[in-house]
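What follows is a short report on a single structure.
The values are calculated or read from the model by the stated rules, or taken from the named source; none is laboratory data. Please read these numbers as outputs of a predicted model, since none were measured by experiment. Neighbour counts are summed over all protein chains in view; Cβ atoms, including those assigned to glycine, are modelled from backbone coordinates with ideal geometry. With ligands, DNA and RNA removed, areas are computed over all heavy atoms of the protein, side chains included. Shrake-Rupley method; radii C 1.70, N 1.55, O 1.52, S 1.80 Å.
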Amino acid sequence: MKKINELKIVFFGTGPLAESALTTLIESGISISYLITKPDRPVGRKQEIESPHIKHIAESFGIPTLQPESIKKEIPAELLVEEFDLFIVASYGNLIPDAVLDIPIFGTLNIHPSLLPLYRGPTPIETALKNGDKTFGISIMFLDDKVDHGPILAQKVLYAFDEIQEGVSEDFERLAGVYGASMLVDGLLEDFVGGAISVAPQDHALATFTKKFTKEDGLVSLSDSPEHMMNVYRACTPWPGCYFIHTHHDTQIRVKINEMKYIEQVPTITIVTPEGKKQMSWKSFQNGYMK
């Protein structure tokens, strides 16, 4: 039987969760043959081409990167001409067809940041934060051709939502990547490859689903409870951003909430950016726009 550091593995992923998971796997001695991530894209007003940050991480470890526009339509040739033991997916963002999932000897595993079947889909952490959940969890599962539908190998409950009160969605995505990858290297992969672990089907009747966030998801009202505003702020930071609409001199303006903190255990706005203006303290905004 191969040792886990001898397995030939391809990693699929984009974004903070994938970045921390990939780094944790590599630093734990796991060999990654290829990274598969999204293509480089034009970004910002100047539409300059930028690579996903995870590509730079892979390059720093000497791992070649493959960036198909659509893996359904364009299976990289490298996956078809070599033999692989395992694929690991972490927040890749695209459905992977059976023709790819079935390539590796041991199949394809996914690190998903929820306690499946709860919060299937693209925004499990953001949705849990917005709902005011106090905990979140990690599921290691087999991928099939449906969204977060496959059987579970292992799950772990984390209490960080409650413990890290001022963390935002990106912080928890990175934390989930570290925990998910650590679950794999701390015995789970070895037991799985050695046939010493069984999988459990999900109870699909209990499934809940998440959706991609839009700018509208970040809208709050100053009449909302501080707890609700903090939930939305944490869920929507850094993207799509948390904001409220304020009427100033008979004109409605969009005000971005750049920062909220717990002050004497009360969620409190501390820094904002009014539409068309520079960032300012909440006190300055109140003095200039609310009197």
Exercise. How about residue 215: which lysines have a C-alpha closer than 21 Å to its C-alpha, ignoring those fewer than 8 places off in the same chain?
Worked result: 130, 256, 277, 278
Problem set entry | Helix-only mean residue ellipticity at 222 nm for the chain, each DSSP H run of n ≥ 4 adding -39500 (n - 2.57), per residue, nearest 500 | -7000 deg cm²/dmol
Exercise. Per residue, how much accessible area does the chain have with a 1.4 Å probe, in Å²?
Worked result: 51 Å²
Exercise. With no solvent and one point on each alpha carbon, what is the Debye value of log10 I(q)/I(0) for the chain at q = 0.07, 0.10, 0.13, 0.16 Å⁻¹?
Worked result: -0.31, -0.60, -0.93, -1.25
Problem set entry | Protein accessible area in the stretch 17-105, 1.4 Å probe - carbon and sulfur % | 48 percent
Seminar exercise, completed: The answer for GluC sites (Glu not before Pro) in the stretch 74-104 that fall in a DSSP coil and have at most 16 neighbouring Cβ atoms within 10 Å is 74, 82, 83
Seminar exercise, completed: For the chain, longest principal axis from Cα atoms; helix 16-27 axis from its Cα atoms; angle between them, nearest 10 degrees, is 40 degrees
Exercise. Which far-off residues, 5 or more places away or on another chain, put their amide H under 5 Å from the one on residue 209, with H placed in the peptide plane?
Worked result: 119, 120
Exercise. Considering only the chain, what is the antiparallel percent among its DSSP beta bridges, to the nearest 5?
Worked result: 65 percent
Problem set entry | Degrees separating the helix 169-183 axis from the principal Cα axis of the chain, which is the longest one | 20 degrees
Seminar exercise, completed: Of every hundred units of 1.4 Å-probe accessible area on the stretch 110-168, the number belonging to carbon and sulfur atoms, as a percent, is 52 percent
For this session: Write out the chymotrypsin sites (Phe, Trp or Tyr not before Pro) in the stretch 152-199 meeting two conditions: DSSP loop, and at most 10 other Cβ atoms within 10 Å of their Cβ.
Result: none
Exercise. For the chain, what's the relative contact order in percent, using C-alpha pairs closer than 8 Å and at least 6 residues apart?
Worked result: 16 percent
For this session: Would you mind telling me the share, in percent, of accessible area of the stretch 214-278 contributed by carbon and sulfur at probe 1.4 angstrom?
Result: 49 percent
Seminar exercise, completed: Heavy-atom accessible area with a 1.4 angstrom probe orders 230, 290, most exposed first, as 290, 230
Exercise. Volume per residue, Å³, of the convex hull around the alpha-carbon atoms of the stretch 6-64?
Worked result: 72 Å³
For this session: May I ask you to evaluate 6.51 cos²θ - 1.76 cosθ + 1.60, the Karplus curve with θ = phi - 60°, for each residue of the stretch 128-141 and list the ³J(HN,Hα) values in order in whole Hz, giving x for glycine and proline?
Result: 4, 5, 5, 7, x, 4, 9, 9, 9, x, 10, 10, 9, 9
Exercise. Can you list the residues, at least 5 places off or on another chain, whose amide H is less than 5 Å from the amide H of residue 259, using H built in the peptide plane?
Worked result: 270, 271
Exercise. In degrees between 0 and 90, to the nearest 10, how far off the longest principal axis of the chain does helix 226-236 point, with axes built from Cα atoms?
Worked result: 40 degrees
